[in-house]
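S.K.: Please find one structure pasted underneath; my questions will follow.
The values are calculated or read from the model by the stated rules, or taken from the named source; none is laboratory data. This one's a predicted model, so the numbers in the text were calculated from it and none came from an experiment. In this analysis, Cβ positions are derived from the backbone assuming ideal geometry, glycine residues included, and neighbour counts consider all displayed protein chains. Just so you know, the surface numbers come from the protein's heavy atoms only, side chains and all, with ligands and any DNA or RNA stripped out. Shrake-Rupley method; radii C 1.70, N 1.55, O 1.52, S 1.80 Å.
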Amino acid sequence: MKYTLRIHDIIEGTTVDGPGFRTSIYLAGCEHHCQGCHNPQTWDLNGGYEISVDDLIKRIIEAGMPVTLSGGDPLVQKEGVKDLCSKLQKKHFNIWLYTGYIFENLLNTPGYREILEMVDVIVDGPFIENLKDTSLLFRGSANQRLIDINKTLNGDGEIFLWQSDF
């Protein structure tokens, strides 16, 4: 099956959505509607524009950088994101995924664990305006976690947070 995604923007060479220079893809659709969100224009699932996963993969390959999926909330477009992550994983891309959902809840919800298994780091939790902290690395509020998925899923149930090497 050929999947398409609705996206708002693609930023190549950004350094704010994960370590190093990355290609960040801002997907359309979000159910969280966090007060103080810095991307409320991405909440509408019908916003932005449509692109095929295959065309998006071509653009990502041309850019040649690790990938961050943000939004909106990428998991609103679960099937297309699963297809995208599968194809990126086969090409050995490092993948970060931002979501307002909580990691533990995603593990127990059908269809999401497969996506989690294909990403390197998930930044989970809604943005909470009264926990906003601009000193935090790669996240907006203190409740959000940068979870190292490989270590966490291969561990004994403990959540391992991603550790910066810079």
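S.K.: Heavy-atom accessible area of residue 50 with all protein chains present, probe 1.4 Å, nearest 10 Å²?
M.R.: Solvent-accessible area, nearest 10 Å²: 110 Å².
S.K.: Can you tell me the accessible area per residue over the chain, all protein chains present, probe 1.4 angstrom, in square angstrom? If you can, show how the numbers build up before the last one.
M.R.: Working: 8530 Å² over 166 residues.
Dividing the accessible area of the chain by its residue count gives 51 Å².
S.K.: Grab the eigenvalues of the alpha-carbon gyration tensor for the chain, scale each by 5, take roots, and send me the semi-axes largest first in whole angstrom.
M.R.: Working: eigenvalues 93, 71, 54 Å².
Working from the Cα gyration tensor, I get semi-axes of 22, 19, 16 Å.
S.K.: For the chain, what % of the accessible area comes from carbon and sulfur atoms, probe 1.4 Å? Can you show the working numbers first?
M.R.: Working: 4270 of 8530 Å².
On the chain, the fraction of accessible area on carbon and sulfur atoms equals 50 percent.
S.K.: GNM on the chain, C-alpha springs below 10 Å: top fluctuator among 54, 73, 17?
M.R.: In the Gaussian network model the winner is 54.
S.K.: Show me the three semi-axes of the equivalent ellipsoid for segment 123-166, from the C-alpha gyration tensor (sqrt of 5 times each eigenvalue), largest first, rounded to whole Å. Display every interim value, and only then the final one.
M.R.: On the way: eigenvalues 98, 32, 8 Å².
The answer is 22, 13, 6 Å, longest axis first.
S.K.: Share of antiparallel DSSP beta bridges in the chain, in percent to the nearest 5? All intermediate terms of the calculation are to be shown ahead of the outcome.
M.R.: Values: 16 of 26 bridges.
For the chain, the DSSP antiparallel bridge percentage is about 60.
S.K.: Please give the charge dipole size of the chain, origin at the Cα centre, charges +1 on K and R Cβ atoms and -1 on D and E Cβ atoms. Round to the nearest 20 debye. If you can, show how the numbers build up before the last one.
M.R.: Numbers: 15 positive and 23 negative charges, 60 e Å.
So the magnitude is around 280 debye.
S.K.: GNM on the chain, C-alpha springs below 10 Å: top fluctuator among 98, 26, 112?
M.R.: 112
S.K.: Positive end of the dipole of segment 61-143, charges at C-beta (+1 Lys, Arg; -1 Asp, Glu), about the Cα centre: which of 72, 100, 115 has its Cα farthest in that direction?
M.R.: Checked the options; the winner is 115.
S.K.: Which shape class, rounded, prolate or oblate, goes with segment 1-97 when its Cα gyration tensor gives a ≥ b ≥ c as root eigenvalues, a/c under 1.5 marks rounded, and past that a/b bigger than b/c marks prolate? Mind dumping the intermediate values first?
M.R.: On the way: a/c = 1.86, a/b = 1.24, b/c = 1.49.
Oblate shape, in that a/c is at least 1.5 and b/c is the bigger or equal ratio.
S.K.: Could you derive backbone 3J(HN,Hα) for segment 149-155 from the dihedral phi with the Karplus parameters 6.51, -1.76 and 1.60 (θ = phi - 60°), listing whole Hz in sequence and x where the residue is Gly or Pro?
M.R.: Values per residue, Gly and Pro as x: 5, 4, 5, 5, 6, 9, x Hz.
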